[in-house]
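Report on the following structure.
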Amino acid sequence: MTLAEGGIDLFIPETYDIVWSLIILVIVAVFFYKFFMPKFNAIFDERAAKIEGNIAKAEQAKKDADEAKAKYEAQLSTARVDAAKIRDDARAEASHIISDARSRAESDAAQITASAQRSIESQQQQAIVSLKGEVGALATALAGKILGAKLEDNDVQSSMIDSMIDDLDAKK
């Protein structure tokens, strides 16, 4: 039936049209629920499981990364402690080497000084002996000129030189 008022056609369905439409709708809904919904639910469940699996994998990866980071930080800390120990040991060893070198240098310097002192004393003794000989010869020549005679006897020369040197040593 149509109602034509003001140029608008309005269709009003009959009751049997509504009933048959509802029956077809229920059949389509049952068919959809029976055949398509399980597949949709399976796909949704599979995706949910996959997402949960990925979340679990991500949590495990995060846990592994945290453990690796903690292990790395522990190794880094250990390496820093070891480096500090090696540095301290090296400083102590360097100090020990320096003190040993200083001790050896002081010992070598003392030996060189003692050797130089012995050399100086030896040269001084040689100079004294040489001077005694020259002074004795000069004294003998001078005494000979004073006395007007040559002192040719070696025993007289030696005793005269020795007494003169003894007199000089006594005056010091």
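Hey, with R₀ at 22 Å, roughly what FRET efficiency would Ile55 and Phe31 work out to, going by the Cβ-Cβ distance, to 0.05? The partial results should precede the final answer.
Details: r = 36 Å, r/R0 = 1.62.
About 0.05, to the nearest 0.05.
Which one of Pro38, Leu142, Val81 has its Cα pushed farthest toward the positive end of the charge dipole of the chain, where Lys and Arg give +1 and Asp and Glu give -1 at the Cβ?
Farthest towards the positive end: Pro38.
Please sort through the DSSP H helices of the chain and keep those with an alpha-carbon extent of at least 15 Å along the long axis and a Kyte-Doolittle average not below 0.0.
Numbers: long enough: 15-31 (24 Å, 2.34); 37-147 (159 Å, -0.44); 154-171 (26 Å, -0.46).
The qualifying helices are 15-31.
Assuming R0 = 30 Å, what is the FRET efficiency of Ser107 and Lys85, from their Cβ-Cβ distance, to the nearest 0.05? Numbers along the way, then the final one.
Values: r = 32 Å, r/R0 = 1.08.
Between Ser107 and Lys85 the formula returns 0.40.
Straight distance only, please: which lysines reach the Cα of Lys71 with their own Cα at less than 19 Å, same-chain residues fewer than 8 apart left out?
Counting by Cα, and skipping residues close in sequence, Lys71 has these lysines nearby: Lys62, Lys63.
Taking only DSSP H segments of four or more residues, each worth -39500 (n - 2.57), what value at 222 nm results for the chain once the sum is divided by all its residues, to the nearest 500 deg cm²/dmol? Mind dumping the intermediate values first?
On the way: 3 runs with 146 residues, N = 172.
Value at 222 nm, helices only, nearest 500: -32000 deg cm²/dmol.
Below 8 Å between Cα atoms, with a sequence gap of 6+, how large is the relative contact order for the chain in percent?
Details: 28 pairs, mean separation 13.8, N = 172.
Averaging sequence separation for qualifying contacts and normalising by length gives 8 percent for the chain.
Shape verdict for the chain, please, from the Cα gyration tensor: rounded (a/c under 1.5), prolate (a/b greater than b/c) or oblate.
prolate
Charges on Cβ only, +1 for Lys and Arg, -1 for Asp and Glu, centred on the Cα centroid of the chain; of Ala110, Ala127, Ile27, which one is farthest towards the dipole's positive end?
Projecting each Cα onto the dipole axis, the largest value belongs to Ile27.
Just the accessible area per residue of the chain, please: how many Å² with a 1.4 Å probe?
On the way: 15050 Å² over 172 residues.
Solvent-accessible surface per residue comes out at 87 Å².
Taking a cut-off of 27 Å between Cα atoms, list the lysines near Lys39, but don't count ones fewer than 8 places away on the same chain.
Lys50, Lys57
What does the extension gain come out to for Gln126 and Ile23, with contour length at 0.36 nm per residue minus their alpha carbon separation?
Working: separation 103, 0.36 × 103 = 37.08 nm, distance 14.82 nm.
Stretched fully, the Gln126-Ile23 segment lengthens by 22.3 nm.
For His96 and Ala116 in one chain, what is 0.36 nm times their gap in residues minus the Cα-Cα distance, to one decimal in nm? Please list the in-between numbers first.
Working: separation 20, 0.36 × 20 = 7.20 nm, distance 2.97 nm.
Taking 0.36 nm per residue and subtracting the Cα distance, the gain is 4.2 nm.
The values are calculated or read from the model by the stated rules, or taken from the named source; none is laboratory data. Just so it is clear, the model here is predicted, and its values are computed rather than measured. Don't worry about glycine lacking a Cβ; one is built from the backbone with ideal geometry, like all the others, and counts go over all protein chains shown. For accessibility, only protein heavy atoms count, side chains too; no ligands or nucleic acids. Shrake-Rupley method; radii C 1.70, N 1.55, O 1.52, S 1.80 Å.
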